[in-house]
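Worksheet for the structure shown next.
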Amino acid sequence: MTNDPKSNPVHYPPDRRLRVRIRTSYLCMILALAALPVAMAWVQYLVAGLPEIGNLPKLPDEATRAHHFPGWLRLTHYVNFIFLVLLARSGLSILMDHPRLYFDVHCTPGSDWAKFTPIEVPADRVWTAKDDARYISPWLALPGYRHTVGVARHWHLPGALIWFLNGVIFVTLMFGTTEWKRLVPTSWAVVAEAWAIFVHYATLRLPPEPDPLIRYNALQQLSYFTVVFVMAPLSALTGLAMSPSIDNRFRWYPRLFGGRQSARSLHFLLLVGYVAFLMMHVTMVFVNDPVRNFNGIVFGNDSERLLGLICGLGAISAIVPICMVAHWLSWNRPRQLQYAAGSVHAVLRWLTFRLWKPCVRYAEDDISPFFWPNGKIPVSEEWTTLAAGNFADYRLKIGGLVDNPVELSLDDLKSLGRQEQITMHHCIQGWSGIAHWAGVPLERLVELVKPQQDAKVVVFRSFGEGLYGGEYYDTQPMDIALQSETLLAWEMNFQPLPQLYGAPLRLRVESQLGYKMVKWIRAIDFVDSEKSIGKGHGGKNEDDEYFDLIPEI
Ligand SMILES: Nc1nc2c(c(=O)[nH]1)N[C@H]1C(S)=C(S)[C@@H](COP(=O)(O)O)O[C@H]1N2
Ligand SMILES: [Mo]
């Protein structure tokens with residue numbers, strides 16, 4: 001992707017400034033939350049001295065014997081590290097494609113609590129969500145650069161699946177053995193003990209450590225417990241809350257986290273949590289007997305030799321070549337990554353989504369005050385002339401493998417039927433918006449034009465161009481085209497569809513990502529396969545930007 005003269009200015013723009021801005025009220029809240037326990041620790045220390053530690057009840061006999069980490073634990077611990085790094089880095093690339101985080105349902109500029117861009121959304125000209133995407137260095141993110149969300153997702157989604165399965169194996173084996181006793185506190189006394197240890201750390205003292213082969217100190221145990229049993233599941237659950245196919249089937253689900261955008265914010269804050277944890281974890285390993293700690297986690301023994309430390313550092317450094325290979329694959333084999341991720345999604349879809357119908361509808365009060373526009377407004381004379389005449393002369397051409405090819409005016413379309421829906425639009429970039437749409441179900445058109453036996457795919461062709469030029473188009477298999485939610489919309493929020501949002505006609509397929517919903521529709525063709533259209537991957541964004549072949553996650 002890098003050396004393509006068309007995409008290079010998109011991926012490597014002149015403005016590569018990185019700015020992080022957190023709203024002052026949130027920043028103060030975060031700082032206060034962090035400072036409060038430290039201040040309390042100092043007060044306690046200055047008034048009452050350092051608290052005593054080592055007050056926990058003795059462990060039952062079995063667990064007091066020193067025991068070593070079994071092989072499966074050492075391996076899953078390492079796999080977890082590798083995937084956390086890949087997920088964090090690809091997550092940053094995804095974040096930068098819509099570099100704003102919100103805590104409410106909508107994505108109104110200015111309502112963001114955090115933004116990773118110096119740009120204020122201009123009020124006097126069109127500013128699309130794609131214009132808003134930011135560059136991030138490939139040293140930080142995978143694949144990095146700007147607007148690489150397509151490829152980043154091919155690491156992030158299958159990667160998240162492997163990371164999660166690795167976690168399931170870890171937890172299952174932990175409870176199948178006695179290993180869980182290391183992480184799961186069995187008495188509330190651990191809280192008081194953890195606080196006492198925190199007072200030591202916060203006042204810059206190292207408390208005496210228990211033997212880690214017998215038990216962790218209480219604070220350590222609680223933080224490991226939180227990472228494994230609270231943070232990791234929350235990351236997975238908030239990740240799922242961003243999927244259009246889930247949000248459009250189960251309205252209650254994103255609400256658990258305060259809505260899709262809050263889920264996205266929490267997902268990011270959890271990443272911050274892992275980074276903070278990782279830094280402290282590694283620091284403590286080095287502060288407290290690194291030789292012994294490394295022998296324990298690398299070889300599962302308790303020796304005094306340096307070998308564990310050396311091999312452990314080697315294994316950690318292996319993340320560098322792994323990231324280099326991932327970077328190389330991203331830029332040199334994006335198509336293969338796209339198809340590999342597509343196969344994983346195909347299995348997931350078969351196992352899950354097809355069992356429930358997409359159905360979520362919103363109320364008028366839920367409509368978003370601001371809806372990010374996307375795509376390039378058409379510049380062809382054909383469309384601008386039609387637009388100047390308010391689309392009175394517009395004729396939608398429907399052809400291909402049909403018995404009854406037709407050309408329909410907007411009035412013809414309106415006479416075929418009208419359906420309305422208020423739904424949430426999910427853009428692959430991360431923003432979402434709720435809007436009302438009215439139009440004719442595609443099903444009505446299918447009845448009219450009578451597709452032939454070998455028509456398997458519907459192609460929607462736009463007057464507009466893709467990001468790198470060439471006709472914008474997208475395709476749908478026949479079963480999705482016939483789904484009742486699939487709409488050709490001429491109305492948005494009870495007004496004729498505005499030019500910026502796709503006039504005269506656009507597609508709505510609510511359970512999919514936004515790039516499937518072609519705006520400024522010129523023609524519709526029925527074909528036997530998407531392979532013969534464009535570059536053959538199912539749509540302009542799938543062709544040029546390696547967006548998901550299965551657009552539902
Ligand atoms: N013709 C055309 N249609 C398009 C696009 C485009 O670039 N060109 N972008 C798609 C993407 S990525 C999204 S998210 C939605 C955005 O719709 P909106 O402008 O109504 O928000 O339109 C889709 N339809
Ligand atoms: Mo999008």
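Quick rundown of the values:
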| read-out | value |
| --- | --- |
| Selected residue (only one of Ser462, Ser432, Ser415 is surrounded by fewer than 20 Cβ atoms within 10 Å (Cβ to Cβ), within 29 Å of Phe494 (Cβ to Cβ) and either touching a strand residue (DSSP E or B) at 6+ places or on another chain (Cβ under 9 Å) or not charged (D, E, K, R) (or both)) | Ser415 |
| Residue match in the range 525-534 (condition: crowded, with 18+ Cβ neighbours inside 10 Å, in contact (Cβ under 8 Å) with a residue 40 or more places away in the chain, away from ligand 1 (no atom under 13 Å from the Cβ) and among the acidic types (Asp, Glu)) | yes |
| So Leu222, is it of a type outside the set (Val, Ile, Thr), farther than 18 Å from Thr76 by Cα and touching a residue at least 24 places away in the same chain (Cβ under 8 Å) | yes |
| Scope the range 68-90; condition over 16 Å from Ile322 (Cβ atoms), in a helix (DSSP H, G or I) and touching a Leu at 6+ places or on another chain (Cβ under 8 Å); matching residues | Trp72, Leu73, Thr76 |
| Any chance Glu471 is under 20 Å from Ser432 (Cα atoms), more than 24 Å from the chain's Cα centre (by Cα) and in contact (Cβ under 8 Å) with a residue 24 or more places away in the chain | no |
| Some residue of the range 32-40 being outside any helix (DSSP H, G or I) and more than 30 Å from Gly167 (Cβ to Cβ) | no |
| Qualifying residue in the range 94-112 (condition: over 14 Å from Trp431 (Cα atoms) and at pLDDT 95 or above) | no |
| Subset tally (residues that are within 16 Å of ligand 2 (Cβ to nearest atom), among the charged types (D, E, K, R) and part of a helix (DSSP H, G or I)) for the range 473-532 | 1 |
| Restricting the range 508-521 to residues that are in contact (Cβ under 8 Å) with a residue 60 or more places away in the chain, near ligand 1 (Cβ under 9 Å from one of its atoms) and of a type outside the set (Phe, Trp, Tyr), the residue that is nearest to Arg461 (Cα to Cα) | Ile521 |
| From the options Val121, Val151, residue that is within 16 Å of ligand 1 (Cβ to nearest atom) and part of a loop (DSSP other than H, G, I, E, B) | Val121 |
| Close pairs (7 angstrom Cβ cut-off, 6 or more residues apart or separate chains): in contact (Cβ under 8 Å) with a residue 40 or more places away in the chain and assigned by TED's automatic domain parsing to the domain that holds Asp366 in the range 407-423, exposed (fewer than 14 other Cβ atoms within 10 Å of the Cβ) and among the aliphatic types (A, V, I, L, M) anywhere | Ile422/Ala363 |
| Enumeration of residues in the range 202-219 that are touching a residue at least 60 places away in the same chain (Cβ under 8 Å) and part of a helix (DSSP H, G or I) | Ala202, Ala218 |
| Criterion violated by Ala192 - all others in (1) part of a helix (DSSP H, G or I); (2) crowded, with 19+ Cβ neighbours inside 10 Å; (3) small (Gly, Ala, Ser) satisfied | (2) |
| Selected residue (criterion: nearest to ligand 1 (Cβ to nearest atom)) from residues of the range 340-394 that are assigned by TED's automatic domain parsing to the domain that holds Ile428 and among the polar types (S, T, N, Q) | Asn374 |
| Selection from the range 450-470 of residues that are away from ligand 2 (no atom under 15 Å from the Cβ), assigned to a strand (DSSP E or B) and closer than 22 Å to Pro9 by Cβ | Glu465 |
| Any chance Glu407 is more than 14 Å from ligand 1 (Cβ to nearest atom) and in contact with a Leu (Cβ under 8 Å, 6 or more places away or on another chain) | yes |
| Some residue of the range 460-471 being assigned by TED's automatic domain parsing to the domain that holds Ile524, modelled with pLDDT of 95 or more and either more than 19 Å from Lys535 (Cα to Cα) or touching a Cys at 6+ places or on another chain (Cβ under 7 Å) (or both) | no |
| Residue in the range 96-118 that is surrounded by the most Cβ atoms within 10 Å (Cβ to Cβ), counting only those that are in a loop (DSSP other than H, G, I, E, B) and free of Cβ contacts under 8 Å to residues at least 60 places away in the same chain | Pro99 |
| All helices (runs of 4 or more DSSP H) inside the range 250-302 with 1 or more residues being among the polar types (S, T, N, Q), assigned by TED's automatic domain parsing to the domain that holds Leu213 and closer than 20 Å to Leu75 by Cβ | 290-294 |
| Flag if Ala133 is closer than 27 Å to Gly466 by Cα and within 19 Å of the chain's Cα centre (by Cα) | yes |
| Matching residues in the range 6-31 - criterion: being surrounded by 10 or more Cβ atoms within 10 Å (Cβ to Cβ) and in a helix (DSSP H, G or I) | Asn8, Pro9, Val10, His11, Tyr26, Leu27, Cys28, Met29, Ile30, Leu31 |
| Hits in the range 169-200 (condition: within 35 Å of the chain's Cα centre (by Cα) and free of Cβ contacts under 8 Å to residues at least 60 places away in the same chain) | Val171, Thr172, Phe175, Gly176, Trp180, Arg182, Leu183, Val184, Pro185, Val191, Ala194 |
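This table checks each residue for (1) of a type in the set (D, E, K, R); (2) modelled with pLDDT of 95 or more.
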| residue | (1), (2) |
| --- | --- |
| Met1 | no, no |
| Pro9 | no, no |
| Arg16 | yes, yes |
| Tyr26 | no, no |
| Met29 | no, no |
| Ala34 | no, no |
| Met40 | no, yes |
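The values are calculated or read from the model by the stated rules, or taken from the named source; none is laboratory data. Because the structure is a prediction, the values reported are computed rather than measured. All Cβ positions, even for glycine, are placed from backbone atoms using ideal geometry, and neighbour counts span all protein chains on display.
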